Amino acid sequence: MSSEVVQEYAVAQGRAKSFYTRYERKDELQRQTHYCPGCGHGVVHKMLARAIDELGVQDRTILVGPVGCSVFTYYYFDVGNIQAAHGRAPAVATAMKRSRPESIVISYQGDGDLSAIGTAEILHAANRGENISVIFVNNAIYSMTGGQAAPTTLIGQKSTTTPEGRRAATEGYPLHVSELLATLEAPVYIERVALGDNKQIAQATRAIRRAVENQARGLGFSLVEVLSPCPTIWKMNPVEAQHWVRDVMEKTFPLGVFRDHTREAAPRPAPPPAPALDEIPRLLGVAEQDLPANHGRALARDKQIDLQVRIAGFGGQGVLLIGEVLAEAGLDAGLEVSWLPSYGPEMRSGTSNCHVRLSSQPVDSPLVAVPSVLVAMNEPSLRKFDLTVRRGGWVIYNGDAFPADCMREGVHVLALPFTRLADELGDPRVSNMVMLGALLEIDGVLPQASVDAALRRLVKNPRWIALDERALARGRELFKESLRQEGAEAMGGGMK
Amino acid sequence: MAEGNKFEAKKQDRGWLQIDGDECKGCGLCIEACPPKVIAMSEELNHYGYRTAIYAGAGCTGCGVCFMVCPEPGAITVFRAVVQRAEGSSRANARVEEAISCASN
C-alpha cells in the first residue's frame, strides 16, 4: 500500500449517455422526469439506458413508447423514438424491426397497455418470435388514469373499479403474462424480475441487458417483466411501495426465468428485405407499361362531365365488374373517378351494387345517392333504386317488360332481356357487358380506346375479352336500335 | 460529467457522492438502500418544493447501490477512488469495472 500515493475519483455510476441531459418538456421541468417520486419507471429507464450504453447500440436503437405513464419515453431517451397507439407497440416494433433489421427495437410497455388492450399484439409478436426486446413494466394497476383495476391487479387489491378488492368470481384472476407467453414455442428469453430491494434491482438490471443483447445477437423474441412500484396510486410512501413489491406482489407473480433458449438458439435469418418502393407496381402487375395509355387526356379538359351511375343486381351477375370497367376507362380517359362497391358477405346470390362517378372535377364523394344512370340487373334492384334516379336520367333494365308501376315521368327507360341477348352471343354471363355497352352509348363520353384498355387490364383471360368486346358492341347496337324505334313511334304518333 | 475529480490525499474514502438537488424528488429510496447509511434527507426544500437526498460528506464506499435504486436518470453520480500506483500504471478502468460488477451483485 505504500506505493499508493495519490487518490483520484472517477465516475463509477452516473447519467447514462442514452439519456438527454435536458428534456424538451414544459419550461420549468426540463431537468426533471414527469414520474412521481419513487416511481419504478425511472429505475427501469436507467437499466435500459445502461444496457443501450454498454452494448454500444444507442445510434441504432428505436424505442417504441406505449400509452400509459411511460408515454413520454421520447423526452428522456436520446435514441430513435416512436409512440404507438394503446397496446400496439409490439406491432409497431415488428414493422420497425422488419423494415430496419439492423436497428435494435425495444417495445416499452406497462401492464394496462400490454396485458389488457394490447394482449393480441404481444401474443402474436411473441408467437412469431419477432427479434425485438419487450420491457413489460407491471405495477398491477392502471396508474395514469387514476387507479382502475388492470388484468394484473392482485386478488383482494383495491382499485377505483374494485373498491372492495378484486374478486376472482367477478373480475377473474391476475393475468400471468410471462407464464402465458412461455407456453409459446418461439420466444427465446422470458424472465420476471422485480424492483423490491437492492438484490432484485441488480437482477433486473442484468435481465434487461440480456433482453437487449439477445436482439443484438439476432436470437429472437425477449421479454422482461418488471414488477414495479407505484407509490402514488398504491397510496404508500416510496419505501413502503418498494417493500410491497417484494413482500406482496411477488407472491402472486413469482420471479424467475420462464424461458431461456439463448444458448441453443441460432441467430434468426433476417426476413427478406421489403421490395423497393418503385418495384411494387411491377410486382402488382400495374407497372407503367401495363397501365392504360391515357387515350383521352384532351377530352377531360374541354368537356364538363359528371356521370353518376348506380349498378345493382345479384352477386355473380358481374355488377362490380361493370363499375370497375367504367371507372378504369374513365381513368384512362383522364377523368376523376370513384368506384364504391357495396355487397353482402355472400360471393354468389346475395345482392350487390356499386356506385361509380366519372367527373372532370375532383370527386367530392364516392356515394351516388341520385344516379344519372341506373343499371338494374333484376327486378328487386330496379324496385330498390328506381325512385332515386334523377329527372332526365336513364334506367337500363334487364327484363322482358319494364314494370308499369316503376314508370316515372322524365326518366328514360331501356328495358331489354339482356340475359337472353347475351346467351345468343354465346354466354348468358356477358349480360353485364351488353348492358355496359348500352350505357356507354347513352353517355358517349368515353373513347372506345379507353374502354378497350380498361377491359384488357381487368379481364385477363383472352377468351373472355373477345366475348366481352362482342357483348359491348352488341349493347351499343341495341341502344341505337331502341332509339330508332322510339323515333319511329314518335313519328307515327305525330301522324295520327 | 467530469472525467475524474482530484481530492486532497487526506480524503481516504473509497467513494464519494454527488446529488443533484434539481433532479432529486426526495423519494428516499437511496437512503433506505445505502449500505453504510451515509445519505440523509435535507431540511430545506428545493426549487420544486421537494426535500432532497444529501450526502453526509464522508463514509461512501462507492458501491453504487444508491444510483441503481434511484429513479432519476442523473440525480446521483457515484465516484469511486482510483488508486494510482507510484509506478504510474493507471488502473482507473479496471476499478470502475470492478465497482459496477460489485454493485450489481
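Taken together, the values in this text are just the output of simple stated rules run on the coordinates, not laboratory data. Note that this is a predicted model, so its numbers are computed, not measured. Don't worry about glycine lacking a Cβ; one is built from the backbone with ideal geometry, like all the others, and counts go over all protein chains shown.
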Problem - Counted charge near A:GLU379, where neighbours are those whose Cβ lies closer than 12 Å (Asp, Glu -1; Lys, Arg +1) - result: -1
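Let's see if you can work this out: charge +1 on each Lys and Arg Cβ, -1 on each Asp and Glu Cβ, no other charges. What is the dipole magnitude of the range A:27-260 about its Cα centre, in debye to the nearest 20? If you can, show how the numbers build up before the last one.
Working: 22 positive and 23 negative charges, 38 e Å.
With only Lys, Arg, Asp and Glu charged at Cβ, the dipole is about 180 debye.
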Exercise for the section: Name the aspartates and glutamates eligible as straight-distance cross-link partners of A:LYS384: C-alpha to C-alpha under 20 Å, and not fewer than 8 places from it in the same chain. Expected result: A:GLU346, A:ASP400, A:ASP405, A:GLU409
Practice task
Let me have the 222 nm mean residue ellipticity of chain A computed from DSSP H runs of 4+ only, each contributing -39500 (n - 2.57), with the sum over all residues rounded to the nearest 500.
Solution key: -10500 deg cm²/dmol
Problem - Shielding score for A:194-207, defined as the mean number of other chain Cβ atoms within 10 Å - result: 3
Practice task
Using DSSP to define loop residues, name the trypsin sites (Lys or Arg not before Pro) in the range B:9-44 whose beta-carbon has at most 11 other beta-carbon atoms within 10 Å.
Solution key: B:LYS10, B:LYS37
Practice task
Report, as a whole number in µm² per second, the diffusion coefficient that Stokes-Einstein gives for the range A:62-102 at 4 °C and 1.567 mPa s using the Kirkwood radius over alpha carbon pairs.
Solution key: 125
Fill in the blank from the handout: Taking placed amide H atoms and a strict 5 Å upper bound, the residues 5 or more places from B:MET41 or on another chain that come that close are B:ILE54
Practice task
Using amide H atoms built 1.01 Å from N in the peptide plane, name the residues 5+ places from A:ARG259, or on other chains, whose amide H lies under 5 Å from its own.
Solution key: A:ILE190
Completion exercise
The helix A:40-55 Cα axis meets the longest alpha-carbon principal axis of chain A at an angle in degrees, between 0 and 90 and rounded to 10, of 90
Fill in the blank from the handout: Within the under-14-Å Cβ sphere about A:ALA415, not counting A:ALA415, Lys/Arg +1 and Asp/Glu -1 give a net charge of -3
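If packing is taken as the average number of other Cβ atoms within 10 Å across a peptide's residues, how do A:460-469, A:14-23, A:431-440, A:316-325 rank, most packed first?
Working: A:460-469: 14.4, A:14-23: 17.2, A:431-440: 26.9, A:316-325: 21.8.
The peptides rank, most packed first, as A:431-440, A:316-325, A:14-23, A:460-469.
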Exercise for the section: Please list, in chain and number order, the residues 5+ apart from A:GLY110 or on another chain whose amide H is under 5 Å from its amide H, with Hs placed from the backbone. Expected result: A:VAL137
Problem - Straight-distance crosslink candidates among aspartates and glutamates, where the alpha carbon sits under 20 Å from A:LYS199 and sequence neighbours closer than 8 are dropped - result: A:GLU191, A:GLU225, A:GLU240, A:ASP247, A:GLU250, B:GLU32, B:GLU72, B:GLU97, B:GLU98
Practice task
Net charge near B:GLU23: determine it from the other residues with C-beta under 14 Å of the C-beta of B:GLU23, scoring Lys and Arg +1 and Asp and Glu -1.
Solution key: +3
Problem - Hz values of 3J(HN,Hα) by residue in the range B:30-37 - Karplus curve (6.51, -1.76, 1.60), Gly and Pro given as x - result: 5, 4, 5, 7, 4, x, x, 6
Handout entry: Rg over Rh, two decimals, the range A:27-260 (C-alpha only, Kirkwood Rh)
Key = 0.94
Completion exercise
Here chain A gives, from Cα atoms, an Rg and Dmax in Å of 34.0, 136
Fill in the blank from the handout: Averaged over residues of B:27-37, the number of beta carbons from other chains lying within 10 Å of each residue's Cβ is 4
Problem - Antiparallel bridges, percent of DSSP beta bridges restricted to chain A (to nearest 5) - result: 35
Problem - Cα-based radius of gyration of the range A:296-495 once divided by 2.2 N^0.38 Å, which approximates compact folds - result: 0.98
Handout entry: For the range A:92-107, Karplus couplings with θ = phi - 60° (6.51, -1.76, 1.60), whole Hz, Gly/Pro x
Key = 5, 4, 4, 4, 5, 5, 6, 7, 10, x, 7, 7, 9, 10, 10, 9
Handout entry: Cα-Cα separations in the range A:391-496 greater than 19 Å, expressed as whole percent
Key = 49
Handout entry: Under Karplus coefficients 6.51, -1.76 and 1.60, residue-wise ³J(HN,Hα) of the range A:224-231 in Hz, glycine/proline x
Key = 10, 8, 10, 6, 9, x, 10, x
Practice task
Measure nothing but the geometry: give the 0 to 90° angle between the long axis through the Cα atoms of A:462-495 and the longest principal axis through the Cα atoms of chain A, rounded to 10°.
Solution key: 50
Practice task
Determine the shielding of peptide A:13-20 by partner chains: average, over its residues, the number of Cβ atoms on other chains within 10 angstrom of each Cβ.
Solution key: 6
